[in-house]
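Just below is one structure, and these are the notes that go with it.
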Amino acid sequence: MNSGVGPVVSPRFSDLTTLAIGGEIGHYHHLTSRKKAVAAARSVWESGDEWMALGGGSNLVVSDEGFPGHVLHVAWRGKRLKAQPDGSVLLTVQAGEDWDQLVAYTVSEGLCGLESLSGIPGTVGASVIQNIGAYGHEISEVLDHVDFLEWPTAAETTLTGADLALGHRSSVMKTGERQGLVLSVTFRLTKSDKSLPIAYPQVSDALGVELGDSVSLEKLRETVLSLRRSKGMVHDEADPDSWSVGSFFINPVVTERFAHSLPSDAPKWLLDENTHTVISLDAEDAATADLDADLFAEQGESNAGAIPKGAPSVKEAPSEARVKLSAAWLIEHSGIPKGFQLPGGKARVSTKHTLAITNPGGANAEDVGSLARYIRTHVANTFGVVLQPEPTLVGIPLD
Ligand SMILES: Cc1cc2nc3c(=O)[nH]c(=O)nc-3n(C[C@H](O)[C@H](O)[C@H](O)COP(=O)(O)OP(=O)(O)OC[C@H]3O[C@@H](n4cnc5c(N)ncnc54)[C@H](O)[C@@H]3O)c2cc1C
């Protein structure tokens with residue numbers, strides 16, 4: 001079935017995802033108008049059939065068998081600015097707008113708040129699903145509200161960041177506690193040509209300024225884009241080393257006691273629940289902090305599953321401090337280098353960043369799944385930490 005607003009021939013997931021893998025789509029709906037999207041979602045949800053939303057396909061890994069249900073491809077666009085009496089600006093953006101084009105627009109309009117998130121692929125609607133973040137900032141800091149179409153009732157509702165329980169690469173939509181379609185996202189931005197305070201050492205070092213300083217929005221965007229390119233973290237059609245879903249695994253959070261059982265040179269960041277700050281456990285860690293742009297971001301509860309069997313869990317010992325680890329460090333120090341490929345496998349660890357699994361050409365979902373399982377098992381056997389995937393996996397078992 002097609003909604004009558006898109007192409008008659010269904011594309012495959014491999015045509016619509018940044019990893020360029022994944023099989024057939026059962027029923028494809030290319031939704032270029034919000035009104036038609038609401039009508040299509042209502043009708044699909046009433047049918048009781050399986051369904052899923054698709055944005056830019058940059059955080060999605062679908063099996064070679066594909067998905068037999070309905071795929072609602074979010075492609076409606078538009079944005080509106082509204083100045084507020086307190087001097088802030090409310091920017092409402094429809095879900096199908098391209099994220100990085102939006103960031104470029106805010107920078108050119110002198111609107112501060114999104115500049116650190118330059119270069120992240122995907123759509124605006126999906127940005128809230130995992131509370132996208134990089135270089136010490138995430139969208140929860142500037143989110144005002146989301147217009148949401150709730151499954152299964154198809155009632156339109158407004159949700160705040162608190163309603164969405166935004167955490168580190170997490171929300172109630174990511175965990176599946178709440179399902180539906182993000183219709184639009186409204187950000188509260190500041191009219192200023194200066195960036196938010198720089199919260200990541202690699203960015204301040206590259207700019208030759210101090211942590212906490214601000215620079216022009218353009219300068220910040222350029223610097224972030226250049227750092228991201230050096231790690232293959234800007235999706236580039238011409239560079240297969242960037243054909244990935246970004247970080248494949250989330251930085252794990254473990255108890256402080258367990259963290260101390262790891263090698264002393266493993267980066268460890270104490271999470272302060274009260275002040276929401278992240279503190280290096282020892283001075284050496286600062287030197288290795290550039291392994292992952294996510295290390296400084298605040299960590300929510302969602303990753304508690306990363307605590308390995310045998311280690312004290314957050315739930316068992318709620319008062320014990322929690323410590324974030326670098327998934328990239330764990331992978332590299334378990335003996336999996338950048339550029340690693342399984343014998344006969346066509347998926348590859350990025351040659352620029354250990355956290356990204358890439359499709360340098362000819363890989364299928366089975367190749368990606370096998371490499372992800374190998375990495376996960378290897379890290380678990382070496383360090384006792386079970387890495388959790390960051391992207392949405394459809395038909396790709398990791399256990
Ligand atoms: C090179 C590269 C670098 C990356 N760097 C970062 C980074 O620095 N930080 C970061 O946080 N992420 C990063 N990512 C991951 C990804 O870009 C983001 O998660 C992005 O927000 C996904 O957007 P998308 O439109 O591609 O979503 P998709 O991949 O299409 O979908 C992701 C999930 O969201 C759901 N979804 C999509 N749209 C909607 C909607 N409108 N309503 C309801 N559900 C929806 C889908 O069903 C799916 O479960 C990176 C990815 C790549 C390829």
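The values are calculated or read from the model by the stated rules, or taken from the named source; none is laboratory data. The shown structure was predicted, so the numbers you read here are calculated from the model rather than taken from an experiment. Here Cβ is always computed from backbone atoms with ideal geometry, including for glycine, and neighbour counts include all displayed protein chains. Side chains are part of the model used for accessible areas, which takes the heavy atoms of the whole protein and leaves out ligands, DNA and RNA. Shrake-Rupley method; radii C 1.70, N 1.55, O 1.52, S 1.80 Å.
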Which lysines, if any, have their Cα less than 25 Å from the Cα of residue 191, not counting same-chain residues under 8 positions apart? 79, 82, 219
Only bridges whose two residues both fall in the chain count here: according to DSSP, what percent of them are antiparallel, nearest 5? 80
For the residue pair residue 178 and residue 15, what label-to-label distance in nm results when each label sits 7 Å from Cα along the Cα-to-beta-carbon direction? 3.4
Global geometry of the range 13-74, whether rounded, prolate or oblate, following the gyration tensor of its Cα atoms and the 1.5 cut on a/c: oblate
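How much of the accessible area of the chain, probe 1.4 Å, is carbon plus sulfur, in whole percent?
Values: 8330 of 16270 Å².
Percent of accessible area from carbon and sulfur atoms in the chain: 51.
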Rounded Å value of the spacing that divides the Cα centres of the range 193-219 and the range 347-369: 32
Could you tell me the largest-minus-smallest coordinate of the C-alpha atoms of the chain on each of the three principal axes, in descending order and whole angstroms? 59, 56, 45
Pair residue 261, residue 98: separation of 7 Å Cα→Cβ label points (nm): 4.8
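When DSSP assigns beta bridges and you keep just the ones with both residues in the range 1-117, what percent turn out antiparallel, to the nearest 5? Mind showing how you got there, number by number?
Numbers: 6 of 16 bridges.
Counting only bridges with both partners in the range 1-117, antiparallel ones make up about 40 percent.
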J(HN,Hα) series, the range 13-26, from Karplus relation 6.51 cos²θ - 1.76 cosθ + 1.60, nearest Hz, glycine and proline x: 4, 5, 7, 10, 10, 5, 7, 6, 9, x, x, 6, 9, x
Run the Debye formula on the Cα coordinates of the range 79-230, all scatterers equal and no solvent, and tell me log10 I(q)/I(0) at q = 0.09, 0.12, 0.18, 0.21 1/Å. -0.28, -0.49, -1.04, -1.33
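Which of the peptides 209-220, 164-175, 143-154 is most tightly packed, and how do the rest follow, judged by the mean count of other Cβ atoms within 10 Å per residue?
Details: 209-220: 16.0, 164-175: 21.5, 143-154: 18.4.
The peptides rank, most packed first, as 164-175, 143-154, 209-220.
Where does the chain land at 222 nm, in deg cm²/dmol rounded to the nearest 500, when only DSSP H runs of n ≥ 4 count, each adding -39500 (n - 2.57), divided by all residues?
Working: 12 runs with 96 residues, N = 399.
For the chain, the value works out to -6500 deg cm²/dmol.
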Efficiency of FRET between residue 213 and residue 39 - r from beta-carbon atoms, R0 41 angstrom, step 0.05: 0.25
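Multiplying the sequence separation of residue 191 and residue 205 by 0.36 nm and subtracting their Cα-Cα distance, what value in nm do you get? Display every interim value, and only then the final one.
Details: separation 14, 0.36 × 14 = 5.04 nm, distance 2.59 nm.
Between residue 191 and residue 205, full extension yields 2.4 nm more.
Per residue, how large is the accessible surface of the chain? Use a 1.4 angstrom probe and give square angstrom. Intermediate values should be presented prior to the final figure.
Numbers: 16270 Å² over 399 residues.
Here the per-residue accessible area is 41 Å².
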